[in-house]
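Notes follow once the structure below has been shown.
The values are calculated or read from the model by the stated rules, or taken from the named source; none is laboratory data. Not measured: the values here are computed from a predicted model. No Cβ is skipped: glycine too gets one built from the backbone with ideal geometry, and neighbour counts run over all protein chains shown. Ligands, DNA and RNA are excluded from the accessible area calculation, which covers all protein heavy atoms including side chains. Shrake-Rupley method; radii C 1.70, N 1.55, O 1.52, S 1.80 Å.
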Amino acid sequence: MTMDRMSESSSDSPSRDSRVLSIECLKGSSKADEWTGDMLQTGDIVEELRIGGSTNSLIRFKSPFKNGRTGVNKILQDSYKKKETSILVLVRRGSDEFAELQACIVPNDSYGKKQYVLRSISDPNYVVGFLDRTETECFHLQASRSTRMVNELSKTRLQDGYVSYPWERRMQELLSVPNSSSFFSILLLPKASDRVASRYNDVEDTLARANAWLNAAQATGVPILFMNIQTESLLTKISGETASSTVNAGSLSDLSNLANVSLYGFEDYHGVDIGVVRAIRLWYAPTGGEFSIEIKLKEDDTKLGFAISRTEEGFIFISSAIDDGQENLPATRSGLSNLYKAATDTSRLLVVSRLSNQRVLPWMVSSTGAMRCYDTVSLSQKLSLHRHTKVPILMHVFLWDRALASSSGGSTKSKALSPSVLPLPPEIQLAHHPNENQIQPFSPHEGSDQGDFISDGSQPMQLERDTAGDVSFRFHDFSLSGKWV
């Protein structure tokens, strides 16, 4: 049943200055469609409201509306409580132009739950309300539509927001190493210029050492590319001469003297002298990305078929790999021997970046100049335990050509480029002094798997290793079995 409800009016023939119910645009549509002719606009005169979703329950309210905006708000409130929220609004522009809007009744959150507005069904961003105006005011607003559009353009501001993102799935599917980036960095602390570490070399010196480290790594055959370099501020406590020379900098001219220093200080609210150490972080990436190799082990495997060493710059690399031709060794079965041969043919090092998904790359240079990197002895012990327990070895290596990963059935995410420095022959192997923070090169005899380790200088130490990485240290009558990588 359709019901017509005519509101009472003080006059059967209202004049142009009579009060009418008009539209007030509260929120624009997502495409600014409220300025088109088929959408309601501020100043449109409301002629009729149709509430209800079906013909039988449709209720009509026609102009003039009793009590204007207040009366219509009461109608909307009653309809919302009855869960009759579907509404059709018919409006008039001028004397013969009409438009309509299909919307739903919703509470106006800005003015409390007792105030109701209309939200467009086709565009939820578009919201309109009602306002009492004279008919003349409405005609003026309708005529000024172009001016109001220009004003709206100048007032409209871009809004920010939040959007959900499937991080876990993306990090699993789109990274060469799931949940881990292939962006690597090394932090270089400024070098102390005296024994008590009260003074440090300037930032330029730290930058020069970072540059030298990168060039040396590339020249050795490590397939990495420069990405970025930045200063990194580290807080520490200072005192004495260092504090007195920097803490009391009280003018811009004093601050200019700190532009290139590696350590400066300031005093906090409690009178404590705080020092700021300006370290250098060097970012790099593998030339051809990372590539994973799974080395599966069998019960009759007595050797792994490869050995590892370390460069002066702290990179772990495959220093030898046996290709038995019959796939009897793990290195041959996994394809590591073929990749090692490809590296040596192109004068590159086959650098190990991860072992069991743990990074084994150098990560810091101390203020004494020592390289913080991974110990080859502990790595070899871990590899030996893999062989004894038959647990597969998951190893990631740096590639120098992206095509290698494609031909091996893998995928990388970094563009393959050539190193900026010509590499040196990779036959140079490096031995580590266990009790010192430095690495010394040595040249093994061809065809021999033996080399001399020097301890702290008190006793000679003999190193014996096979291609699986087993090693024994002998100090007179003392023997310790371990693992060489």
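Test of understanding: what is the full-extension gain from N338 to S181, defined as 0.36 nm times their sequence separation minus their Cα-Cα distance? Kindly include the intermediate steps, with their values, before the conclusion.
On the way: separation 157, 0.36 × 157 = 56.52 nm, distance 2.61 nm.
Full-extension gain reported as 53.9 nm.
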Self-check item: Karplus 3J(HN,Hα) series, Hz, for the range 353-360 with 6.51 cos²θ - 1.76 cosθ + 1.60 (x for Gly, Pro)
Solution: 9, 9, 10, 6, 6, 9, 5, 10
Quiz item: Label points 7 Å out from Cα along the Cβ direction at M364 and S110: separation in nm?
Solution: 5.4
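Among the listed pairs K237/K382; K27/K81; K31/K62; K31/K66; K27/K62; K27/K82, which have their C-alpha atoms separated by more than 32 angstrom in this model? Walk me through the intermediate numbers first.
Details: K237/K382 39 Å; K27/K81 24 Å; K31/K62 30 Å; K31/K66 35 Å; K27/K62 25 Å; K27/K82 26 Å.
The answer is K237/K382; K31/K66.
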Self-check item: Translational diffusion of the range 56-212, µm² s⁻¹ [Kirkwood Rh, Cα pairs; Stokes-Einstein; 4 °C; 1.567 mPa s]
Solution: 57
Quiz item: So what are the ³J(HN,Hα) numbers for the range 129-144, from phi and the Karplus equation (6.51, -1.76, 1.60; θ = phi - 60°), rounded to whole Hz, Gly and Pro as x?
Solution: x, 10, 8, 7, 9, 7, 4, 5, 4, 5, 5, 5, 5, 4, 6, 9
Quiz prompt | Accessible area (Å², 1.4 Å probe, nearest 10) - D78 | solution = 60
Quiz item: Once amide H atoms are placed 1.01 Å from N in the peptide plane, what residues at a sequence separation of 5 or more from M227, or on another chain, have their amide H within under 5 Å of its amide H?
Solution: W283, Y284, A285
Quiz item: Given H placed on each backbone N at 1.01 Å, which residues far from I293 in sequence or on other chains put an amide H within less than 5 Å of it?
Solution: M395, H396, V397
